[in-house]
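Participant: One structure follows; several queries about it will come next.
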Amino acid sequence: MDLRLLLLAPEGERRELYSTEISKLNIKFDTVGSFGKLYDLMADVPYSGVLIDLNTKLRAPKEELALVRNIFSQFPVAELRCNNNAKKIGLFYEGQSSEGGNLNDFANRYCKTFEPRTLATEKRLNLNFNVLLSTTNNFDNVNAEKTITINVSKSGCFIFSTNVWQPGDNAWFIIQDIEDKTPMCGKVCWCHEWGKNIAIPGIGLQFKVFNQKQVDEIYHTKIDKWTRV
(Lines give C-alpha, C1' and ligand atoms only; values in the text may rest on other atoms or scores of the structure.)
Protein backbone atom coordinates (compact mmCIF):
# COMPACT_ATOMS: atom_id res chain seq x y z
CA MET A 1 0.00 0.00 0.00
CA ASP A 2 1.30 3.48 -0.90
CA LEU A 3 2.45 5.86 1.80
CA ARG A 4 -0.35 8.26 2.69
CA LEU A 5 -0.26 11.00 5.33
CA LEU A 6 -2.99 13.12 6.86
CA LEU A 7 -2.45 16.85 7.33
CA LEU A 8 -4.39 18.84 9.93
CA ALA A 9 -4.23 22.57 9.19
CA PRO A 10 -6.79 25.36 8.78
CA GLU A 11 -7.61 26.61 5.33
CA GLY A 12 -5.37 29.47 4.28
CA GLU A 13 -1.71 30.36 3.89
CA ARG A 14 -0.34 27.85 6.41
CA ARG A 15 -2.10 24.91 4.80
CA GLU A 16 -0.92 26.02 1.35
CA LEU A 17 2.68 26.21 2.56
CA TYR A 18 2.52 22.79 4.23
CA SER A 19 0.87 21.24 1.18
CA THR A 20 3.52 22.64 -1.15
CA GLU A 21 6.34 21.16 0.93
CA ILE A 22 4.67 17.74 1.21
CA SER A 23 3.98 17.68 -2.53
CA LYS A 24 7.69 18.15 -3.24
CA LEU A 25 8.26 14.67 -1.77
CA ASN A 26 5.64 13.10 -4.07
CA ILE A 27 3.74 11.79 -1.04
CA LYS A 28 0.01 11.21 -1.12
CA PHE A 29 -1.84 13.12 1.58
CA ASP A 30 -5.28 14.35 2.62
CA THR A 31 -6.13 17.53 4.50
CA VAL A 32 -8.65 18.39 7.22
CA GLY A 33 -9.24 21.50 9.28
CA SER A 34 -10.24 20.19 12.73
CA PHE A 35 -9.51 17.32 15.10
CA GLY A 36 -13.10 16.14 14.84
CA LYS A 37 -12.82 15.72 11.06
CA LEU A 38 -9.35 14.24 11.46
CA TYR A 39 -10.67 11.60 13.84
CA ASP A 40 -13.62 10.71 11.59
CA LEU A 41 -11.44 10.32 8.48
CA MET A 42 -8.80 8.27 10.27
CA ALA A 43 -11.46 5.82 11.44
CA ASP A 44 -12.15 4.89 7.79
CA VAL A 45 -8.94 5.53 5.80
CA PRO A 46 -5.58 3.83 6.56
CA TYR A 47 -2.70 6.28 7.15
CA SER A 48 0.99 5.87 7.93
CA GLY A 49 1.44 9.16 9.75
CA VAL A 50 -0.11 12.47 10.75
CA LEU A 51 1.08 16.05 10.34
CA ILE A 52 -0.49 18.52 12.76
CA ASP A 53 -0.30 22.30 12.67
CA LEU A 54 1.00 23.24 16.13
CA ASN A 55 -1.12 26.37 16.38
CA THR A 56 -4.27 24.33 15.70
CA LYS A 57 -3.28 21.83 18.38
CA LEU A 58 -2.69 24.55 20.96
CA ARG A 59 -6.09 26.08 20.20
CA ALA A 60 -7.96 22.76 20.35
CA PRO A 61 -11.01 22.79 22.66
CA LYS A 62 -10.71 20.76 25.86
CA GLU A 63 -13.24 18.24 24.59
CA GLU A 64 -10.91 17.40 21.69
CA LEU A 65 -7.81 16.77 23.83
CA ALA A 66 -8.74 13.10 24.28
CA LEU A 67 -8.77 12.76 20.48
CA VAL A 68 -5.32 14.35 20.33
CA ARG A 69 -3.89 11.92 22.88
CA ASN A 70 -5.46 8.93 21.12
CA ILE A 71 -3.92 9.90 17.78
CA PHE A 72 -0.49 10.60 19.31
CA SER A 73 -0.54 7.18 21.00
CA GLN A 74 -1.19 5.21 17.81
CA PHE A 75 0.59 6.90 14.88
CA PRO A 76 3.84 8.64 13.96
CA VAL A 77 3.00 12.32 14.45
CA ALA A 78 4.91 15.46 13.52
CA GLU A 79 3.96 18.93 14.73
CA LEU A 80 4.38 21.67 12.12
CA ARG A 81 5.29 25.30 12.71
CA CYS A 82 5.00 27.90 10.01
CA ASN A 83 7.29 30.89 9.41
CA ASN A 84 5.21 32.97 7.03
CA ASN A 85 7.90 35.61 6.55
CA ALA A 86 10.56 33.11 5.49
CA LYS A 87 8.03 30.81 3.81
CA LYS A 88 9.52 27.88 5.72
CA ILE A 89 8.15 25.21 8.02
CA GLY A 90 9.65 23.59 11.11
CA LEU A 91 8.88 20.14 12.49
CA PHE A 92 9.02 18.38 15.83
CA TYR A 93 8.65 14.61 16.23
CA GLU A 94 9.96 11.84 18.46
CA GLY A 95 13.45 10.70 17.51
CA GLN A 96 14.45 13.64 15.33
CA SER A 97 18.13 14.63 15.25
CA SER A 98 19.55 17.31 17.51
CA GLU A 99 19.81 19.55 14.45
CA GLY A 100 16.04 19.50 13.99
CA GLY A 101 13.48 17.58 12.00
CA ASN A 102 12.48 17.66 8.36
CA LEU A 103 9.66 16.23 6.30
CA ASN A 104 11.82 13.82 4.33
CA ASP A 105 13.30 12.25 7.47
CA PHE A 106 9.91 11.95 9.19
CA ALA A 107 8.23 10.43 6.14
CA ASN A 108 10.96 7.95 5.21
CA ARG A 109 12.34 6.94 8.61
CA TYR A 110 9.08 6.71 10.54
CA CYS A 111 6.02 6.72 8.30
CA LYS A 112 7.40 4.53 5.50
CA THR A 113 8.07 1.69 7.96
CA PHE A 114 4.70 2.09 9.69
CA GLU A 115 2.02 -0.19 8.28
CA PRO A 116 -0.95 1.96 7.17
CA ARG A 117 -3.97 1.50 9.41
CA THR A 118 -7.12 3.16 10.58
CA LEU A 119 -7.47 4.78 13.98
CA ALA A 120 -8.30 2.18 16.62
CA THR A 121 -11.35 3.29 18.55
CA GLU A 122 -11.47 0.25 20.82
CA LYS A 123 -11.47 0.81 24.57
CA ARG A 124 -8.09 1.10 26.29
CA LEU A 125 -7.84 0.03 29.92
CA ASN A 126 -5.36 1.71 32.24
CA LEU A 127 -4.00 -1.47 33.83
CA ASN A 128 -0.57 -1.96 35.41
CA PHE A 129 0.59 -5.52 34.74
CA ASN A 130 4.09 -6.53 35.86
CA VAL A 131 6.18 -7.17 32.74
CA LEU A 132 9.58 -8.50 31.71
CA LEU A 133 10.61 -6.71 28.50
CA SER A 134 13.38 -7.73 26.10
CA THR A 135 14.64 -7.06 22.58
CA THR A 136 14.91 -10.83 22.03
CA ASN A 137 13.10 -13.95 23.14
CA ASN A 138 15.66 -14.23 25.93
CA PHE A 139 14.72 -13.13 29.40
CA ASP A 140 17.88 -13.56 31.45
CA ASN A 141 18.90 -10.92 33.97
CA VAL A 142 21.07 -9.11 31.42
CA ASN A 143 18.48 -8.70 28.67
CA ALA A 144 15.20 -8.27 30.53
CA GLU A 145 13.87 -4.93 31.75
CA LYS A 146 11.50 -5.13 34.73
CA THR A 147 8.61 -2.80 34.02
CA ILE A 148 4.81 -2.45 33.77
CA THR A 149 2.06 -1.83 31.25
CA ILE A 150 0.48 1.62 31.32
CA ASN A 151 -2.59 0.63 29.31
CA VAL A 152 -3.87 -2.33 27.29
CA SER A 153 -6.36 -2.95 24.49
CA LYS A 154 -7.44 -5.97 22.46
CA SER A 155 -4.78 -5.28 19.82
CA GLY A 156 -1.83 -3.91 21.78
CA CYS A 157 -0.46 -2.19 24.86
CA PHE A 158 1.77 0.63 26.06
CA ILE A 159 4.73 -0.53 28.16
CA PHE A 160 6.86 1.79 30.28
CA SER A 161 10.52 1.62 29.22
CA THR A 162 13.62 3.79 29.58
CA ASN A 163 15.57 1.80 26.98
CA VAL A 164 16.07 3.09 23.44
CA TRP A 165 13.60 1.74 20.86
CA GLN A 166 12.77 2.53 17.25
CA PRO A 167 9.46 2.19 15.38
CA GLY A 168 9.41 -1.18 13.65
CA ASP A 169 11.44 -2.95 16.35
CA ASN A 170 10.20 -6.23 17.80
CA ALA A 171 9.69 -6.19 21.57
CA TRP A 172 9.35 -9.47 23.47
CA PHE A 173 7.58 -9.44 26.81
CA ILE A 174 6.22 -11.71 29.52
CA ILE A 175 3.21 -10.57 31.53
CA GLN A 176 3.73 -11.97 35.00
CA ASP A 177 0.16 -11.50 36.22
CA ILE A 178 -1.60 -13.84 33.79
CA GLU A 179 -1.76 -17.62 33.82
CA ASP A 180 -0.08 -18.16 30.44
CA LYS A 181 3.43 -16.69 30.74
CA THR A 182 4.56 -17.73 27.26
CA PRO A 183 6.67 -14.85 25.79
CA MET A 184 4.65 -12.54 23.57
CA CYS A 185 5.98 -10.26 20.85
CA GLY A 186 4.78 -6.87 19.71
CA LYS A 187 5.75 -4.48 16.93
CA VAL A 188 6.86 -1.06 18.17
CA CYS A 189 4.47 1.38 16.49
CA TRP A 190 5.65 4.44 18.37
CA CYS A 191 7.98 5.31 21.24
CA HIS A 192 8.61 8.07 23.76
CA GLU A 193 12.30 8.28 24.63
CA TRP A 194 13.25 9.09 28.22
CA GLY A 195 14.17 12.75 28.72
CA LYS A 196 13.02 13.93 25.29
CA ASN A 197 9.83 15.62 26.41
CA ILE A 198 7.24 15.71 29.17
CA ALA A 199 5.69 12.32 28.50
CA ILE A 200 5.78 8.85 30.01
CA PRO A 201 8.71 7.05 28.35
CA GLY A 202 7.84 3.77 26.72
CA ILE A 203 6.64 1.93 23.64
CA GLY A 204 3.27 1.47 21.99
CA LEU A 205 3.01 -2.12 20.78
CA GLN A 206 0.77 -3.92 18.32
CA PHE A 207 0.47 -7.58 19.31
CA LYS A 208 2.35 -9.75 16.82
CA VAL A 209 3.16 -13.14 18.42
CA PHE A 210 0.62 -14.26 21.01
CA ASN A 211 -2.25 -16.65 21.61
CA GLN A 212 -5.80 -15.44 21.93
CA LYS A 213 -6.14 -16.84 25.46
CA GLN A 214 -3.43 -14.45 26.64
CA VAL A 215 -5.10 -11.41 25.07
CA ASP A 216 -8.50 -12.39 26.45
CA GLU A 217 -7.05 -12.74 29.94
CA ILE A 218 -5.19 -9.42 29.67
CA TYR A 219 -8.16 -7.45 28.43
CA HIS A 220 -10.88 -9.06 30.51
CA THR A 221 -9.08 -9.11 33.85
CA LYS A 222 -11.29 -7.69 36.58
CA ILE A 223 -10.34 -4.04 36.78
CA ASP A 224 -10.70 -3.84 40.55
CA LYS A 225 -7.70 -6.20 40.90
CA TRP A 226 -5.35 -3.63 39.38
CA THR A 227 -4.33 -0.04 39.93
CA ARG A 228 -5.77 2.53 37.54
CA VAL A 229 -3.54 5.43 36.52
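The values are calculated or read from the model by the stated rules, or taken from the named source; none is laboratory data. Computed from a predicted model, the values in this text were never measured in an experiment. Cβ atoms come from the backbone with ideal geometry, glycine included; neighbour counts cover every protein chain shown.
Participant: From the list PHE207, PHE139, pick out the single residue that is in a loop (DSSP other than H, G, I, E, B) and either of a type in the set (Phe, Trp, Tyr) or assigned by TED's automatic domain parsing to the domain that holds PHE72 (or both). Walk me through it before giving the result.
Facilitator: Details: PHE207 fails: in a loop (DSSP other than H, G, I, E, B).
Of the residues listed, the single one that is in a loop (DSSP other than H, G, I, E, B) and either of a type in the set (Phe, Trp, Tyr) or assigned by TED's automatic domain parsing to the domain that holds PHE72 (or both) is PHE139.
Participant: I want to confirm something. Restricting to the range 185-196 and keeping residues that are assigned to a loop (DSSP other than H, G, I, E, B) and touching a residue at least 24 places away in the same chain (Cβ under 8 Å), which single residue is surrounded by the fewest Cβ atoms within 10 Å (Cβ to Cβ)?
Facilitator: Pass one, the range 185-196, residues assigned to a loop (DSSP other than H, G, I, E, B): 193-196.
Add one more test, that the residue is touching a residue at least 24 places away in the same chain (Cβ under 8 Å), and what stays is 193-194, 196.
On the way: GLU193: 18, TRP194: 14, LYS196: 12.
Result: LYS196.
Participant: Return the residues of the range 140-170 that are crowded, with 17+ Cβ neighbours inside 10 Å and either of a type in the set (Phe, Trp, Tyr) or over 15 Å from GLN214 (Cβ atoms) (or both); say none if nothing qualifies.
Facilitator: Listed by number, the residues that qualify are ALA144, GLU145, THR147, ILE148, ILE150, ASN151, PHE158, PHE160, SER161, TRP165, PRO167.
Participant: Somewhere in the range 73-88, is a residue surrounded by 13 or more Cβ atoms within 10 Å (Cβ to Cβ), closer than 20 Å to ILE22 by Cβ, polar (S, T, N, Q) and modelled with pLDDT of 80 or more? Show your work before the answer.
Facilitator: Applying the first criterion (surrounded by 13 or more Cβ atoms within 10 Å (Cβ to Cβ)) to the range 73-88 yields 73-82.
Pick out the ones that are also closer than 20 Å to ILE22 by Cβ and you get 75-82.
Okay, now just the ones that are also polar (S, T, N, Q), so none.
Among the residues of the range 73-88, not one is surrounded by 13 or more Cβ atoms within 10 Å (Cβ to Cβ), closer than 20 Å to ILE22 by Cβ, polar (S, T, N, Q) and modelled with pLDDT of 80 or more, which makes the answer no.
Participant: Take THR182 and tell me if it is over 30 Å from ASN26 (Cβ atoms), exposed (fewer than 15 other Cβ atoms within 10 Å of the Cβ) and in contact (Cβ under 8 Å) with a residue 24 or more places away in the chain. Don't jump to the end; show me each part of the working.
Facilitator: Working: over 30 Å from ASN26 (Cβ atoms): yes; exposed (fewer than 15 other Cβ atoms within 10 Å of the Cβ): yes; in contact (Cβ under 8 Å) with a residue 24 or more places away in the chain: yes.
Taking the combined requirement at face value, the residue satisfies it.
Participant: Which one is surrounded by the fewest Cβ atoms within 10 Å (Cβ to Cβ), of the residues in the range 30-54 that are within 17 Å of GLY101 (Cβ to Cβ) and not charged (D, E, K, R)? Give the steps one after another, and end with the answer.
Facilitator: Step one: list which residues in the range 30-54 are within 17 Å of GLY101 (Cβ to Cβ), which gives 48-54.
Those left that are additionally not charged (D, E, K, R): 48-52, 54.
On the way: SER48: 23, GLY49: 23, VAL50: 22, LEU51: 26, ILE52: 21, LEU54: 17.
Looking at the filtered set, the residue picked out is LEU54.
Participant: Give me a count of the residues in the range 160-218 that are within 22 Å of GLY101 (Cα to Cα), in contact with a strand residue (DSSP E or B) (Cβ under 6 Å, 6 or more places away or on another chain) and among the charged types (D, E, K, R).
Facilitator: Total satisfying the criteria: 1.
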